[in-house]
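What follows is one structure encoded as C-alpha cells, with my remarks underneath.
The values are calculated or read from the model by the stated rules, or taken from the named source; none is laboratory data. Everything numeric here is computed off the predicted structure, so don't read it as measured data. Quick reminder, even Gly has a Cβ in these numbers, built from the backbone with ideal geometry, and neighbours come from all protein chains shown. In case anyone asks, the SASA skips ligands and DNA or RNA and just uses the protein heavy atoms, side chains included. Shrake-Rupley method; radii C 1.70, N 1.55, O 1.52, S 1.80 Å.
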Amino acid sequence: MINLSAMRSLDFTSLLLFSAIFRVILIIYGEWQDAHMEVNYTDVDYLVFSDAASLMASGDSPYKRTTYRYSPLLAFLLIPNSLIHRSWGKFIFSASDLLVGYFIHFILQQRKVPRKLCNYCVMTWLFNPFTFTIGTRGNCEPVVCAMILWIIICLMKGNLLQSAFWYGLIVHFRIYPIIYAIPIVLVLDPNFFPSDRKPILKNWTAAQAERLNDGNCLCSLHNLLKCIFTRKRLMFGLVSAAVFFLFTGLSYYLYGWEFLHEALLYHLTRTDPRHNFSIYFYHIYLHYGYDISVVEKLISFLPQFMVQLVLIFCFAKDLPFCLFAQTVAFVAFNKVITAQYFVWFFCLLPLILPWSKMKLKWDGMLCILSWMGAQVHWLMWGYLLEFKGKNVFLELWVASLVFHAANVFILTLVIRHHRFSSFFLGLEDVKSKNVAKLE
C-alpha cells in the first residue's frame, strides 16, 4: 500500500520518481502475470495495437488486424514492439502518464497554486488506480491526455500556432477531442488574446470566485457571434484543420477507405452489442442485426450535443473546468462507455481541484462513494453475465442507469462547489492591475 502520510512531505521530483519506479514494477509484474496466470494483466487492446504495428513493420496495412480502429500513427509508434521488446508500448504509454503528471504540476504552478496543494492535486493523477493501470496494461489514452494538457500549456504561453498544430494532430489521432473546439475558439476572445501581447493567466487565490449569472451563456454566445472571425481564431481554425486533413489525407492515401471507415466513420455510427457502462447498450443489444438508418444512429448524439453546448457557453471562460465538465458529460451520455474513457476526465480533474469549495470529508467522500458504488454495482451484474452466463441483461441495464445517474449527480455537485474563475485576465482586469501597482 502507498503510504500517503509519508508522501505529504515529498517534493514533486520525489513524487515523479516514485511514480516512475512504481510503473516499471507494474510493467514487469504484468509480464509475469501474463506468463503464469489465467487472467492476463495486459489489456486486450494492447495486443491489437501490437499486431497492427507488426503488420505495418512488414509493409502491410495495420487495418488487416480486425478491431484496430485507430490512427496509423499509433501502430507506427509501436513498431519497436516487434523490433526491441513487446513491452515497448507500455513504457511509452507510462512515460506519457508521467508526462501528464508533470504538465499538471506545471499548469498549477503557473497559476500560483501553493506547492503543497499543487502536490496533492498531482497525486490524484499519479496515484489513481485507474490511471497508473491504464498505461502499464498497454492502453494509449495517456498519450492523448498528455497532448490535451500540452495544448492548454501552449495556449497559456500564447503559442497559438503550436496549440493549433497539436490540436489538429490529436483530433486525427483520437476523434473525441473535437468537442474542445468551441471552448478553445471562445477563449481566443480579443479580450483575453489581444494582438499586442500574450495572454495573462488569472492566478489562484483562496477566496477567489466569480459570480456566474444567467447572462453568462448569452454573453459568451453574443461575443462569439460578434467577433468570431478574429485573426487568432481564424489562424487557429485554419492551422488545426490543415494539420487534421494533412494527416488524415496521408493516411487515406496509404490505406484508403479501410482507414477512413475504421479510424473515423466507425466511431460516429458505432453500435456495440456487448455490455458496457452506457445507458444505450441494452437498446443496441436488442436491436443488433436490424437495419438502423444512419440518421437513427446519429440521433443518439442529440442529448450529448445539447449538454455540450450548455456547458460550453456557460463555462468556456474557465477553460480547464469547461473541458472537465464537457468530458464527464460526453462520457456519461456516450453510446459506448468503457473504463479507459474515465482517464479522459481524470487528467483534467487536478486542474480544477484548487478552485473547488468541496470538502473531502463530506461532499467529496459522497462523490467518491457514489461513483465507486455505482461502478461496483454494475461490475457485479457484469460478472454474473460474462463469467457465470446468467441472463441478467435487464439488471445490468438498470445498473447502467444508476451509474449514469451517479455521474450526473457528481457533475452537478462539482459545478455547485466550483469557484468560477476566468483562465485568462481580460483587458479591463489587466488595466486595473496596472493601476493598482502604480498606486
Worksheet item: Which helices count as membrane-span-like in the chain under these terms: full DSSP H, at least 27 Å along the axis by C-alpha, Kyte-Doolittle mean of -0.5 or more?
Response: 12-36, 88-110, 231-259, 365-386, 393-417
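Would you mind working out the magnitude of the charge dipole of the chain relative to its Cα centre, with +1 at each Lys and Arg C-beta and -1 at each Asp and Glu C-beta, to the nearest 20 Debye?
For this selection, approximately 1420 debye.
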Worksheet entry | Carbon plus sulfur fraction of accessible area for the chain, probe 1.4 Å, in percent | 67 percent
Worksheet entry | Farthest toward positive dipole pole in the chain [+1 Lys/Arg, -1 Asp/Glu at C-beta], among 234, 253, 264 | 234
Worksheet, complete the sentence: Any residue on another chain or 5+ positions along whose placed amide H is under 5 Å from the amide H of residue 356 is listed here as 419
Fill in: Residue among 154, 347, 322 with the largest mean-square fluctuation in a Gaussian network model of the chain, springs linking Cα atoms under 10 Å
154
Discussion item. Under 10 Å, Cα contacts only: if you run a Gaussian network model on the chain, which one of 358, 156, 37 comes out with the highest mean-square fluctuation?
Written reply: 37
Fill in: Farthest toward positive dipole pole in the chain [+1 Lys/Arg, -1 Asp/Glu at C-beta], among 32, 101, 171
101
Worksheet item: Which of rounded, prolate, oblate describes the chain, given a ≥ b ≥ c as roots of the alpha-carbon gyration tensor eigenvalues and a/c under 1.5 marking rounded, otherwise prolate only if a/b is larger than b/c?
Response: rounded
Worksheet entry | Within a Gaussian network of the chain (alpha carbon springs, distance under 10 Å), most fluctuating of 44, 331, 408 | 44
Worksheet item: What do you get for Rg/Rh of segment 30-176 when both radii come from the Cα atoms and Rh is the Kirkwood radius?
Response: 1.03
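Say the cut-off is 28 Å between C-alpha atoms; which of 317/361; 361/388; 64/335; 116/359 go over it?
Correct reply: 317/361; 361/388.
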Response to the item:
Helix-only [θ] at 222 nm, the chain, -39500 (n - 2.57) per DSSP H run of 4+, per residue, nearest 500, equals -20500 deg cm²/dmol
Worksheet entry | Heavy-atom accessible area per residue - segment 307-360, 1.4 Å, Å² | 25 Å²
